[in-house]
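The structure under discussion appears below in the form of structure tokens.
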Amino acid sequence: MAERARAKNVLLHAALVAACIVSVYPMLRMIAVSLRPGDRLLSTDLSLIPAGASLAAYGRVLAETNFLLWLWNSLVITTVTSFIGVSLAATAGYAFSRFRFPGSKLGLTLLLGTQMIPAGMLLLPLFLMIMRLGLVNTYLGMIVAYSVTSLPFSIWILKGYYDTIPRSLEEAALVDGTTRFGAFYRIVLPLSTPALSIAFLFNFTQAWNEYLVARVVLCDASKYTWTLGLFELQGQFLTQWGMFAAGSFLVTIPVLLLFLYSSKWLVSGLTLGGVKG
Amino acid sequence: MASVTLSRITKVYHEHPVLDDISLEVAEGEFMILVGPSGCGKSTLLRMVAGLEEITDGEIRIGGQVVNHLPPRDREIAMVVQDYALYPHMTVAENMSFGLRLRRLPKDEIARRVDEAAGILQIQSLLGRTPRQLSGGQRQRVAIGRAIVRKPKVFLFDEPLSNLDAKLREEMRVEIAKLHQSLGATILYVTHDQVEAMTLGSRLAVMNGGLIQQAGAPAEVFSRPANHFVAGFIGSPTMNFIPGAAAGGGFQSPDLSFKLDGRNSVSGPVVLGVRPEGISVDKAAGEGWSEPVPAVIEVVELLGYKRNLYLKAGDQRLLAVADASFGGKPGDTVSMRFQLDGIHLFDKETKKRL
Ligand SMILES: Nc1ncnc2c1ncn2[C@@H]1O[C@H](COP(=O)(O)OP(=O)(O)O)[C@@H](O)[C@H]1O
Ligand SMILES: [Mg+2]
């Protein structure tokens, strides 16, 4: 018995290590490429820190391009998107979790249905909507497009989490003196931080890495997000691989910091002990 | 403190009636028990008083004011429920002061009230903990504390002790009784527990099938149950029932018959009810007891200070209670006698007391 459990354990860990390598490898390659000196960009050298490593590509991407502006644009759009997306999903998810209203079941199913349609197919209708709203080439247009496309997933996550919070807590709050909204705001929301963090991270990474919608909505180079900006580096005859890799590495930093920061909110189990059992 | 008046309350869930024409008056400072089997609508009724459930029809008044359309926060009630419902992200002190903070009471007043309630409930040492760090009994104390600090007009309890083990339940039952004496508050208390129902309240209402079957002082409900259901529900061990007929001042069933005293007026098909304490197997003939009826002992249970005797007279099974010193054994034939003023007769059709 113990032998078999051990063999299983070893296999499991081997599989996990393999998966880690597969997911970390491209990242390491990117770092390696960003550190190569200018004359060896296309070499097939596999070492992580290449011979003659230099930070020159970082210097050039910061100095010779509008990289910082693109980063700023992305940051503004993504942050506002995430806050709006999570606020909408938090309230909509609550309604779906707590109230029975005509179309509540159908609504949830439709939301799920939207997730089955490839993003590319939504591009044209989305663009037409944004055009009619007069939001082409604006931050607001981007924010509207991004926050609504992440909504279905966020609503499902939050609705599912709210479902696990006993209603008796809100009823206790109502009796104690809150309004219906007060019970949501003071009791349900603070208990939902794990789900809220996940929804926020999802919104953030979706918007941060998005390219297609940005491509069609933004035309003014000064409003470019980093995804558009970096692709500019793909020259007609020569792609600046070093700068491209350096930029790609730099844009992961905000996401990385966000994940590190939010990990403390992801810890669940706060609802334990409030009610029996 | 305030009175609570329920007038002709009806509740229908999706065309499924749950409560039917309930009227009940709870006086100021009264401890009223609502008791009944699971699913009879006790919680629904209590939640309607709290404002957590719509009232389909009828009127609820608290302190004379109609509250039908008031949200819970404007009803000045406090509620303690079975699963405690403590806020998990707040400490004990924060849980208790939540309602007071919402009402923006001065800080020192809040601190004073929390201290006072914590003192009464002996939970001062727990004030800094979160609910997760408490035992079931402690959680229930905190839930009660959260109700007390609010100084509500009415306390609502929904089976507050049913998640506790037997010993704790007994302890908390006594505490709640003391609490009522010291606060003099109006209390509506829902339970399905016999002992709580008999001991806690100044009055009790027995519910079944969406109706109040009987309301009155516990002793009165016990000694003069209004119908077959109440007779069977109140009292432990349960009352014996013998279907038969009353005629000419006597009772007859296929298995046994004896004379009733002073009930010559009753005749027709009846169900006779007699509590186990009202059947004796070692009593000599005497005033107030029926003539002997033969029965066979099936099982004897020793409960320490007394014995339960499972008897059979013909095909009729009966439970009687005897002293611990009673020496009869299974298989013995005994003469049982019925205590005449402990006999209840119910109409066979209407199930009402005759
Ligand atoms: N939200 C609800 N929807 C439909 N039926 C309900 C609802 N709540 C309670 N009921 C029904 O109402 C009846 C009474 O329930 P309840 O008041 O909880 O009984 P008790 O507290 O006496 O056990 C039960 O038959 C129950 O199925
Ligand atoms: Mg109940």
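Compute the helix-to-body angle for B:136-149: its Cα long axis versus the longest principal axis of chain B, expressed 0 to 90° and rounded to tens.
60 degrees
Send over a whole-number figure in Å² for the accessible area per residue of region B:240-347, probe 1.4 Å.
47 Å²
Which whole number gives the average count of other chain Cβ atoms within 10 Å of the Cβ atoms across peptide B:127-136?
So the per-residue partner count for this stretch is 2.
Taking only DSSP H segments of four or more residues, each worth -39500 (n - 2.57), what value at 222 nm results for chain A once the sum is divided by all its residues, to the nearest 500 deg cm²/dmol?
For chain A, the value works out to -23500 deg cm²/dmol.
Please compute, for peptide B:77-83, the average count of beta-carbon atoms on other protein chains lying within 10 Å of each residue's beta-carbon.
That average works out to 4.
Out of the total accessible area of chain A (probe 1.4 Å, heavy atoms of protein only), what percent is carbon and sulfur?
72 percent
Just give the residues from region B:85-104 buried by at least 40 square angstrom of accessible area in the all-chains context relative to the isolated chain, probe 1.4 Å, and say none if nothing qualifies.
The answer is B:Ala85, B:Tyr87, B:Pro88, B:His89, B:Phe98, B:Leu102.
Charges at C-beta only: +1 for Lys and Arg, -1 for Asp and Glu. How large is the resulting dipole of chain B about its Cα centre, in Debye rounded to 20?
That gives a dipole near 900 debye.
222 nm [θ] for chain B, helices only, -39500 (n - 2.57) per DSSP H run of 4+, per residue, to 500?
So the calculated ellipticity at 222 nm is -7500 deg cm²/dmol.
How do A:Trp265, A:Trp226, B:Trp289 stack up against each other in accessible area, from largest to smallest, with a 1.4 angstrom probe?
A:Trp265, B:Trp289, A:Trp226
Not counting the cut sites, what is the longest span of chain B without trypsin sites (Lys or Arg not before Pro) that DSSP labels loop and that have at most 12 other Cβ atoms within 10 Å?
B:105-354
Accessible area per residue of chain A at 1.4 Å probe, in Å²?
For chain A, the solvent-accessible area averages 55 Å² per residue.
Counting DSSP beta bridges in the protein assembly as shown, what percent are antiparallel, to the nearest 5?
So the antiparallel bridges amount to about 75 percent of the total.
How much of the accessible area of chain B, in percent, comes from carbon and sulfur atoms when a 1.4 Å probe is used?
49 percent
Choose one answer from A:Ala15, A:Ala92, A:Ala199: the residue with the largest mean-square fluctuation in a GNM of chain A with alpha-carbon springs under 10 Å.
Per the Cα network of chain A with a 10 Å cutoff, A:Ala15 tops the list.
Connecting C-alpha atoms closer than 10 Å in a GNM of chain A, tell me which of A:Lys223, A:Lys264, A:Lys159 has the biggest fluctuation.
With Cα springs under 10 Å in chain A, the top fluctuation among A:Lys223, A:Lys264, A:Lys159 is at A:Lys264.
Summing +1 for each Lys or Arg and -1 for each Asp or Glu, what net charge is found among the other residues whose Cβ lies under 13 Å from the Cβ of B:Gly58?
Neighbourhood net charge equals -3.
Just to be sure I understand: with springs between alpha-carbon atoms less than 10 Å apart, which residue in B:Leu52, B:Leu86, B:Leu34 has the highest mean-square fluctuation in the Gaussian network model of chain B?
Highest fluctuation of the listed residues: B:Leu52.
Please give the total accessible area that chains B and A bury against each other, computed with a 1.4 Å probe and expressed in Å² to the nearest 100.
Protein heavy atoms only, the B-A interface buries about 2200 Å².
How shielded is A:176-182 by partner chains, expressed as the average number of their Cβ atoms within 10 Å of its Cβ atoms?
Across A:176-182, the average partner-chain Cβ count within 10 Å equals 6.
How about region A:187-207: which of its residues lose at least 10 Å² of accessible area in the presence of all protein chains relative to their chain isolated, using a 1.4 Å probe?
Going by heavy-atom accessible area, the residues of region A:187-207 that drop by at least 10 Å² are A:Ile187, A:Pro190, A:Leu191.
The values are calculated or read from the model by the stated rules, or taken from the named source; none is laboratory data. If you're wondering where the values come from, they're calculated on a predicted model, not measured in any experiment. Counting neighbours? That spans all protein chains shown, and the Cβs are built from the backbone with ideal geometry, glycine included. Quick note on the areas: whole protein, heavy atoms, side chains included, nothing else; ligands and nucleic acids left out. Shrake-Rupley method; radii C 1.70, N 1.55, O 1.52, S 1.80 Å.
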